[in-house]
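Trainee: One structure follows; several queries about it will come next.
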Amino acid sequence: MSKQIVIGLDIGTTSTKSLAYDTEGEIWAEVEREYPLYSPDPAWKEQDPEEILEAVEKTLASVINTVQNKGAVVAGVGFSAAMHSLLALDGEGKILTNAVTWADQRSVKEAEELKESGGHDIYLRTGTPIHPMSPLTKLMWFQKYQPDVCEKAAKWISIKEYIIYQLFDRFIVDHSIASATGLFELQTKQWDEGALRTAGIREDQLSELVPTTYILRGLQESAAARLNLPKETPFIAGASDGVLANIGAGAIEPGQVACSIGTSGAIRTVVNEPAVDPKGRIFCYELMENQWVIGGPINNGGIAFRWIKDQLFPEQKDEADGKGNSRYEELTARAEKIKPGADGLLFLPYLMGERAPFWDSDTKGVFFGLTLSHGRDHMVRSVLEGVMYQMYSVVIALIEAGVKPTEYRAGGGFARSELWRQMMADIFEEEIVIPESHQGSCFGAAWLAMKSLNIIQDFSSVQEIIKTNIRHQPIEENVTAYRDIKPIFLRLARGLHSEFQAIAEVQRKHAAGERTLSSTD
């Protein structure tokens, strides 16, 4: 009997990945294809849906070809996708807009206005914080600034819905992607009427709601031919990349907290029923029936590390030196020479605004406590620590919302750094477990598909497959140093709100002035 292989397909912000797994978690094939992120305005971050469709089909076809050449059978494909994207189609299914991504900031003013006029009630019903990332505020922006698009729009969908439409000629959206729109009511699992009114759209302009385990069959003939798959090959609706990453980290039981830092970062844990925070600090998105993921993303993770490298060490290129060490490792070695707490130098890492737990696009980066005794190495250390303090602030919000952490599992690019891993253990004051990488969201999409197809019965096998050979315990001396610093960081982050707004307004005026001068040159 041929080996059954399931493919996890992850449609990300800058690339699409397809990975083929067997039931033991072995990777049979892996392909990634990148595409650009367009920014016609500094606040806009868009994708071309056709470029993403091409990436999906190319990566899938390549992986399918490899699997079939090895004599195995593709038993199914599971979808994962980035959250919060939005695009419009007309009545004939033609694209009216690019896909507006989670990173887009065009609806900053709409988000602020909504916060002042009933937005918190919408958050409590939907679990999506009021923020420019949310399709809800993006729709408000379109209503205000592009009413001609709104008049023509027959459907408002995410990039994953567009891919499914192209493959199956159906408009469906899984509960996970829907629960990250700000338009989906958590308790009833239906579109929220109040949020739809606020967004200015009708329910028939949205897709049919389905569970994350929903099975699609009946590929369009042309798509089946391009992918070299039988038309009845099952595709599983799947979920969003964030909640599927918890499966990839093996953090699938209540109390197991997944912590990841790549370009940005996130803290997430699984709960058995929808949960929101009275203070609006955390999200709540569905994983599958009776399993929800709550937590918070931060905007500034590895990108802050890259910024400090580029600004203070411009002579150091990204490539490895002659000994095989990356330039980031050189910077980490510099930071390691500095004591925990960076001799009282603090960095608020809000270079790109911030999401959890403040959800404030106007926050800015701050060095605090700088003296003549501080050098470049102190600044590097303080940047690394600042990112980790911000992650810790999300943990505090989770705990205050009722989560009782039992284990912290850390992944992402930062997990390659022993210093950063130990820093997390010391600042969190908890043991940190490092799972072996299984490509996070792709692995989660494949495993959810296997469960949907009854290839596996539950997720218990995940714990056996994902090894955790690296563990870090808090070092008491470091813990003591960070206990002095953490409350100062938290007070600063919470107390500078009005000043952040003031300086953000100055920066916007300056940017607008530059654009005006440029247009008249």
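Trainee: Among Glu253, Glu34, which comes first, then next, by fewest other beta-carbon atoms within 10 Å?
Mentor: Ranked by crowding around the Cβ, least crowded first: Glu34, Glu253.
Trainee: Please arrange Asp377, Asp204, Asp360, Asp310 by how many other C-beta atoms lie within 10 Å of their C-beta, fewest to most.
Mentor: Lowest count first: Asp204, Asp310, Asp377, Asp360.
Trainee: Would you work out if the stretch 9-111 is rounded, prolate or oblate? Take a ≥ b ≥ c from the square roots of the eigenvalues of the alpha-carbon gyration tensor; rounded if a/c is under 1.5, else prolate when a/b is larger than b/c, oblate otherwise.
Mentor: Since a/c reaches 1.5 and a/b is larger than b/c, the shape of the stretch 9-111 is classed as prolate.
Trainee: I would also like to ask the following. Placing one identical point scatterer on every Cα of the stretch 86-196 and ignoring solvent, what is log10 I(q)/I(0) from the Debye formula at q = 0.14 Å⁻¹?
Mentor: So the normalised log intensities work out to -0.55.
Trainee: Moving on. Packing-wise, with mean Cβ within 10 Å as the measure, how do 55-61, 79-85 rank, highest first?
Mentor: 79-85, 55-61
Trainee: Could you give the distance between the Cα centres of the stretch 136-151 and the stretch 257-272, to the whole Å?
Mentor: The two parts, judged by their Cα centres, are 32 Å apart.
Trainee: Ranking request for peptides 288-300, 256-268: highest mean number of other beta-carbon atoms within 10 Å first, then the rest in descending order.
Mentor: 256-268, 288-300
Trainee: Relative contact order for the chain: what percent, with Cα pairs under 8 Å and sequence separation of 6 or more?
Mentor: The value is 15 percent.
Trainee: Oh, and also: What's the magnitude of the charge dipole for the chain around its Cα centre, counting Lys and Arg as +1 and Asp and Glu as -1 at the beta-carbon? Answer in Debye, nearest 20.
Mentor: The calculated dipole for the chain is roughly 420 debye.
Trainee: Continuing with this model, one more query. Convert each backbone phi in the stretch 277-285 into a coupling constant with the Karplus relation 6.51 cos²θ - 1.76 cosθ + 1.60 (shift: θ = phi - 60°), then list the ³J(HN,Hα) values in order as whole Hz, x for Gly and Pro.
Mentor: 9, x, 8, x, 8, 10, 9, 9, 10
Trainee: Full extension from Glu50 to Glu116: what is 0.36 nm times the residue separation minus their Cα-Cα distance, to one decimal in nm?
Mentor: 20.0 nm
Trainee: Report the full-extension gain for the segment Leu419 to Gln463: residue separation times 0.36 nm, less the Cα-Cα distance, to one decimal in nm.
Mentor: The Leu419-Gln463 span can extend by a further 13.2 nm.
Trainee: Here's a follow-up. Counting other beta carbons within 10 Å of each Cβ, put Val149, Val100, Val394 in order, fewest first.
Mentor: Ordered from fewest to most neighbouring Cβ atoms within 10 Å, Val149, Val100, Val394 come out as Val149, Val394, Val100.
Trainee: Further, regarding this structure: With each pseudo-label sitting 7 Å past Cα toward Cβ, what's the Lys337-Glu151 distance in nm, one decimal?
Mentor: Each label point lies 7 Å from its Cα, and together they span 6.6 nm.
Trainee: Rounded, prolate or oblate, given the Cα gyration tensor of the stretch 368-437, with a/c below 1.5 counting as rounded?
Mentor: oblate
Trainee: Could you estimate the translational diffusion coefficient of the chain from the Stokes-Einstein equation, with Rh from the Kirkwood formula over C-alpha pairs, at 37 °C and 0.692 mPa s, in whole µm²/s?
Mentor: Answer from the Stokes-Einstein relation: 138 µm²/s.
Trainee: Can I ask one more? Using only the Cα atoms, work out Rg/Rh for the stretch 326-458, with Rh taken as the Kirkwood radius, to two decimals.
Mentor: Here Rg/Rh amounts to 1.05.
Trainee: Based on the mean of other Cβ atoms within 10 Å per residue, sort peptides 331-343, 498-510, 129-141 so the most packed one is first.
Mentor: 129-141, 331-343, 498-510
Trainee: Looking at the stretch 4-243 from every direction and averaging, what is the projected area of its Cα convex hull in nm²?
Mentor: Mean shadow area of the hull around the Cα atoms is 12.5 nm².
Trainee: Between Glu232 and Thr14, how high is the FRET efficiency from 1/(1 + (r/R0)^6) when r is the Cβ-Cβ distance and R₀ = 45 Å? Nearest 0.05.
Mentor: For R0 = 45 Å, the calculated efficiency reads 0.85.
Trainee: Would you please give the FRET efficiency between Gln501 and Ala43, computed as 1/(1 + (r/R0)^6) with r the Cβ-Cβ distance and R0 = 22 Å, to the nearest 0.05?
Mentor: Taking R0 as 22 Å, the efficiency between Gln501 and Ala43 is 0.85.
Trainee: Using only the Cα atoms of the stretch 260-393, each taken as one equal point scatterer with no solvent, compute I(q) by the Debye sum, divide by I(0), and report log10 of the ratio at q = 0.11, 0.13, 0.22 Å⁻¹.
Mentor: With no solvent term, the Cα-only Debye profile gives -0.48, -0.63, -1.26.
A short reminder: the numbers here are calculations on the coordinates, not readings from a lab. Please read these numbers as outputs of a predicted model, since none were measured by experiment. With ideal geometry, Cβ positions are generated from the backbone for all residues, glycine too; neighbour counts draw on all protein chains shown.
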